[in-house]
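The values are calculated or read from the model by the stated rules, or taken from the named source; none is laboratory data. Please read all numbers here as calculations on a predicted model, not as lab measurements. When we count neighbours, we look across all protein chains shown, and the Cβ atoms used for this are built from the backbone with ideal geometry, even at glycine. Heavy atoms of the whole protein, side chains included, go into the accessibility calculation; ligands, DNA and RNA do not. Shrake-Rupley method; radii C 1.70, N 1.55, O 1.52, S 1.80 Å.
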Amino acid sequence: MIRVFLLLLIFSVDAFAQEKGTINGKVTDKETTNPVTEATVTVVNTSFKTVTDAGGNFRFAGIPLGTYEIKVTCLGYEAFIHTDVVVNSSRPADVQIELLLSNITTEQIDVEGKYFQKNTDVSTSSYSLDFEEVRRAPGAVEDISRMVQIMPGVSPANDQRNDLIVRGGSPAENLTMIDGIEIPNVNHFPTQGSSSGPIGMINVKFIDDVNFSTGGFSARYGDKLSSVMDIKFREGYNKSFLSDINLSTAGFGGIFEGPLFTKKGSFIFSVRKSYLNLIKGAIRLAAVPDYWDFNLKTVYNIDKNTKISFVGIGGLDKISFEGESPEISDDNPYGKAKGDQQQFTAGFNLKKLFKKGFWQTVLANSSAFLNYTNYDLRTDELVFKYDSYESDFNLKSEVFYQLNKSNNIIIGATARYIKFSNQTFYAADTTAFGDPIPEANIDVKDNYYKASGFAQYTLKLPGNRVILNAGARVDYFSGIKKNITASPRFGVSYTLFANTTLSASTGIYYQSPEYIWLTSDPRNENLKFIQANHFVVGIEHLFSPELRLSIEAYYKDYKNYPVSTVIPTYVLISGGTENGPNLMFGEAVSEGKGISRGIDFSLHKKLTGNGFYGMINYSLSDSRVTALVGGERPGSFDYRHNLTIIAGYQLTNDWLVGLKFRYTTGRPYTPFDINASTVVGRGVSDFNNFNGSRYKDYNRLDLRVDKKWNFKNLSIVTYIELQNTFNTENVYSYFWNEYKNEQGTIYQWKFLPVGGFSIQF
């Protein structure tokens with residue numbers, strides 16, 4: 001991969017470069033999503049200027065190749081500046097810009113452009129990213145989940161996985177949506193009952209923008225406790241066919257896009273295949289994963305106000321942990337195990353615009369097939385087998401209506417039908433704390449029903465100095481006895497000065513127990529909805545239009561978290577970060593409690609004409625849980641100090657350099673009782689010191705260089721990354737090596753040079 005980059009560098013011939021490109025774009029109202037006509041569009045620091053047509057569209061031709069900012073102004077709207085518009089020779093740059101109604105009178109045009117926006121129904125804890133910010137992020141290897149891991153309030157579990165630990169919550173508490181369609185898991189080798197996995201399935205070149213909320217989100221989103229990642233896929237190019245052949249850490253593949261139905265529609269499709277066997281040793285993989293993934297979006301414009309789209313995403317995964325030698329080692333702590341998974345989500349979104357808003361209906365299905373087996377390396381006896389099928393049919397409809405310039409309302413409802421099967425065998429065992437686990441032999445098929453309704457109201461007082469949000473939702477789940485909840489939510493933002501805003505939000509959030517928990521024991525129908533109460537206050541200040549500081553303090557109060565009576569020390573909030581399903585055996589009770597509190601600090605600089613961009617995100621947090629026994633203890637995701645720095649500089653139009661540094665406090669763990677473990681020949685935890693020790697503090701530096709080449713009708717985009725540049729020995733966890741009868745160590749990624757290229761034509 002690096003050789004390819006160097007060859008391209010050596011043989012680059014600028015004489016063949018095509019010096020001009022095109023920008024196509026559309027301007028819409030951020031709330032009603034209607035096109036904005038007669039908006040003035042300017043390419044900053046150039047003479048290019050135009051006005052949007054009746055469909056909100058604009059076009060610039062003959063633009064010199066490079067990276068630009070586009071400024072949009074319009075009567076009655078806030079001016080906005082869209083950064084990171086990259087013009088290449090191979091294809092037109094596509095730009096989608098949304099404008100917010102202005103806080104000045106409609107007889108004036110707001111000409112002071114803003115670089116940061118958020119939806120008016122969100123008061124706190126909301127962050128936006130565009131495609132280029134995700135693509136070029138050092139250490140993210142073009143994976144959206146790894147990019148989101150650097151956001152304030154988010155802690156990664158380890159280098160090998162895409163787990164999102166949001167303000168102390170479990171990875172099972174995160175909601176992901178693509179174009180209004182809920183995606184249970186966007187990762188290969190998914191952890192069932194969680195949003196986690198080691199490798200992302202989403203092709204980042206499909207992403208138009210991402211809105212990520214770490215708390216206090218509106219009543220529009222339900223059945224999750226910690227975060228919402230709302231992704232918008234771009235549409236394929238509808239004028240001609242385009243291709244992109246690419247190689248990255250995620251795999252080798254291609255993207256193909258073009259027009260449909262006499263250019264009234266478009267498609268974009270990608271396919272990708274893994275090749276991680278080439279770098280297995282460097283990233284400390286216990287086995288070689290083998291996978292395919294597919295992304296698809298098609299769009300058809302029925303008329304100028306009605307559009308139907310189809311989104312599909314899927315993955316085919318196989319993995320084996322058998323290794324080259326028949327014993328457990330630091331490189332293979334899992335023993336003899338293998339997994340086979342397939343997961344697919346596909347859905348239609350029908351959207352109808354009207355003068356004051358829109359109506360949209362989504363019909364989707366998500367299906368997953370998961371199979372895991374694990375054998376004792378010494379006896380070759382089966383110790384664990386899991387075979388599961390899950391299918392979720394989802395019908396959702398919602399309407400946004402702008403009552404007037406100061407009042408918005410959005411209402412909606414959802415109905416879901418779930419088919420779930422669970423066949424599990426688990427040999428009798430004893431936990432590391434000495435709790436006996438009886439043999440489990442489960443064979444259950446069940447059907448569940450979910451339904452919800454919500455209403456969200458936004459009031460913007462004169463001048464938009466104060467914005468109030470109020471909402472409520474009702475959720476129903478057939479799988480438990482106490483099956484209905486009501487969730488009120490409130491938020492407010494107050495513009496203290498022109499560039500300073502105070503905000504606050506609170507609400508009650510509920511999440512139904514995972515199906516995998518319910519099917520482990522018939523008595524688990526007595527479980528309750530898990531509850532989290534959010535309290536968030538914050539301040540945001542713009543030092544300049546492109547430099548934003550935000551500080552937030554939060555408090556989350558958890559109730560009714562399931563605790564297994566078989567393992568009474570373990571609250572299931574601590575699960576979801578391991579390979580395989582997020583299992584629970586036997587009866588559980590809704591007696592687990594927890595608190596998570598902290599302060600998030602974020603300084604974000606957009607890429608502008610001076611060439612610099614970056615983020616400094618810091619979180620100070622405290623997370624504690626209470627199980628059936630043991631009292632209040634540090635939570636498994638209590639990282640305390642979490643600092644991430646991203647910095648980059650655009651050297652020229654075709655060269656860019658960046659770095660990422662991350663430091664986190666070591667997470668809590670329960671140490672082994674070394675003497676007892678040595679005597680019995682297996683790991684025995686020190687029960688009296690539950691989560692009483694911490695792993696070594698984590699730190700890692702990643703460096704990245706990007707280079708672009710432009711030829712006639714062809715572009716090449718390449719990058720090199722040096723991950724963990726100083727080869728820091730970061731510890732993920734300890735395990736008891738029963739062959740050596742001693743404690744072993746699982747390390748995170750060591751020094752790893754990676755790279756990739758994209759050939760676009």
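Pairwise Cα separations in the stretch 481-547 fall into 10 Å bins from 0 onward with the following percentages, short to long: 17, 29, 20, 17, 12, 5. In the stretch 148-249, inverting the average of 1/r over every pair of distinct C-alpha atoms gives 14.8 Å as the Kirkwood radius.
With only the Cα atoms considered, the stretch 39-154 has a convex hull volume of 143 Å³ per residue.
Per residue, how many Å² of accessible area does the stretch 99-195 show with a 1.4 Å probe? Spell out each step's value before the answer.
Numbers: 2110 Å² over 97 residues.
Value returned for the stretch 99-195: 22 Å² of accessible area per residue.
Remark: the stretch 404-419, residue by residue, has Karplus-estimated 3J(HN,Hα) of 7, 4, 9, 10, 10, 9, 9, 10, x, 8, 9, 10, 9, 10, 10, 10 Hz, where x stands for each Gly or Pro and the curve is 6.51 cos²θ - 1.76 cosθ + 1.60 at θ = phi - 60°. Modelled label positions at Lys419 and Ile302, each set 7 Å beyond Cα in the direction of Cβ, lie 2.8 nm from each other. Summing charges over all other residues whose Cβ lies under 14 Å from the Cβ of Tyr389, with Lys and Arg as +1 and Asp and Glu as -1, gives -4.
Remark: the stretch 368-457 carries 49 Å² of accessible area per residue (probe radius 1.4 Å; ligands, DNA and RNA excluded). With all protein chains in place and a 1.4 Å probe, the accessible surface of the chain carries 58 percent carbon and sulfur. Protection proxy ranking for 141-153, 60-72, using the average of other Cβ atoms within 10 Å per residue and placing the highest first: 141-153, 60-72.
Asp475 sits among other residues whose Cβ lies under 10 Å from its own Cβ, and their net charge, with Lys and Arg +1 and Asp and Glu -1, is +1.
Cα convex hull of the stretch 606-695: how many Å³ per residue?
Here the figure is 137 Å³ per residue.
Here the stretch 25-137 carries DSSP beta bridges of which approximately 75% are antiparallel, counting only pairs with both residues inside. A straight line joining the Cα centroids of the stretch 552-608 and the stretch 108-151 runs 25 Å.
Order of 603-616, 83-96 by packing, highest average Cβ count within 10 Å first? Mind dumping the intermediate values first?
Details: 603-616: 18.1, 83-96: 20.2.
My ranking of the peptides, most packed first, is 83-96, 603-616.
Placing one identical point scatterer on every Cα of the stretch 487-594 and ignoring solvent, what is log10 I(q)/I(0) from the Debye formula at q = 0.16, 0.20 Å⁻¹? These q points yield log10 I(q)/I(0) values of -0.77, -0.97. Anything over 22 Å Cα to Cα? Flag those among Lys263/Lys712; Lys239/Lys352; Lys118/Lys606; Lys71/Lys660, in the order listed. The answer is Lys263/Lys712; Lys239/Lys352; Lys71/Lys660.
Tell me, what is the per residue accessible area of the stretch 604-761 in Å², probe radius 1.4 Å? Let's see the in-between values first.
Numbers: 6530 Å² over 158 residues.
Computed with neighbouring chains in place, this is 41 Å² per residue.
Here the sum of -39500 (n - 2.57) over DSSP H runs of 4 or more residues, divided by the residues of the chain, equals -1000 deg cm²/dmol at 222 nm, to the nearest 500.
Rounded to the nearest 20 debye, the dipole magnitude of the chain is 1920 debye, with +1 charges on Lys and Arg beta carbons, -1 on Asp and Glu beta carbons, and the Cα centre as origin. Distance between the modelled labels on Asn689 and Thr33, one decimal in nanometres: 5.5 nm (7 Å Cα→Cβ projection). Normalised by 2.2 N^0.38 Å, where N is the number of residues, the C-alpha radius of gyration of the chain stands at 0.94.
Could you compute the net charge surrounding Phe252? Neighbours are other residues with a C-beta less than 9 Å from the C-beta of Phe252; K and R count +1, D and E count -1. Can you show the working numbers first?
Numbers: positive: Arg272, Lys273; negative: none.
Value of the local net charge: +2.
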